[in-house]
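Any read-out appearing in this document is the output of simple, stated calculations on the displayed coordinates, not a laboratory observation. These numbers come from a predicted model, not from an experiment. As a convention, Cβ positions derive from the backbone with ideal geometry for all residues, glycine included, and neighbour counts pool all protein chains shown.
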Amino acid sequence: MRIFRQSSAGQALVEISLVLPILCVFVLGIVDFSRALYDAQVVRNLSGEGSSLASRGTSLTDTINTVVADAGSDLNMAANGCVIVSSVTLATATNYVITAQAKSSPCNSASSKLGCIPPPATCTGQTTSLPPSVAGVISGNPNYTAYVTEVYYNFTPVTPIGAFLKNNNLLPTQLYSGAYY
């Protein structure tokens, strides 16, 4: 009976030594993958909030400051992100122009998908294109303005497994969301 207990304890030790590293890899991978999903949802919500604020008359600069502040310490947009807010109106029957554009600081590796930022210094009058659903609302209504908020965030994993997944393109390096109001 005593010999059976000793070999049983040794067997359990061998089993846990084989299973524990695999379990740790899964848990740490799930932690960073969950963080990436959470951050992507926050970025999506921030872009919608920014466009909503701008469409209700908040200045573009105040909109950016609010979006950066609302990101909180979880995302730290001041160090790891970029917010670009643009207003677009109908110039002619088929041309849309950027009437104003502002960006947060720093916007190191981000540029607006509408165009203009980073260069040139001013965007007023630059033509752009809009998704068909947004263009359909503005076309025929020259007094309408579409507000576009683009949010970029550089995702950083917190575990070594997350860094490995990011280096192998299994986790994102930069998150992006744009909202049109």
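In terms of the mean number of neighbouring beta-carbon atoms within 10 Å, the peptides 75-85, 12-22, 166-176, 47-57 order highest first as 75-85, 47-57, 166-176, 12-22. In the chain, the calculated helix contribution to ellipticity at 222 nm averages -16500 deg cm²/dmol per residue, counting -39,500 (n - 2.57) for every DSSP H run with n ≥ 4. Can you give me the C-alpha center-to-center distance between the stretch 152-181 and the stretch 84-117, rounded to a whole angstrom? Between the Cα centres of the stretch 152-181 and the stretch 84-117 lies a distance of 24 Å. Relative to the longest principal axis of the Cα atoms of the chain, helix 60-75 runs at roughly 0 degrees. Legend note: in the chain, cysteines whose Cβ sits 4.7 Å or more from every other cysteine Cβ are Cys24.
Rounded to the nearest 20 debye, the dipole size of the stretch 13-64 about its Cα centre is 160 debye, using +1 on the Cβ of Lys and Arg and -1 on the Cβ of Asp and Glu.
On the beta carbon distance between Thr99 and Tyr176, with R0 = 30 Å, the FRET formula returns roughly 0.85. Shown for Asp32, Asp70: other C-beta atoms within 10 Å of each C-beta, ranked fewest to most, produce the order Asp70, Asp32. Exposure proxy ranking for Thr149, Thr63, based on other Cβ atoms within 10 angstrom of each Cβ and starting from the fewest, stands as Thr63, Thr149.
Put a plus charge on the Cβ of each Lys and Arg, a minus charge on the Cβ of each Asp and Glu, and nothing anywhere else: the dipole of the chain about its Cα centre is then about 340 debye.
With Cβ to Cβ distances under 14 Å as the rule, what net charge do the other residues near Ala36 carry (K, R +1; D, E -1)? Taking every Cβ under 14 Å from that of Ala36, the sum is 0.
Taking the Cα atoms only, what angle lies between the long axis of helix 2-55 and the longest principal axis of the chain, rounded to 10 degrees? Tilt of helix 2-55: around 10 degrees.
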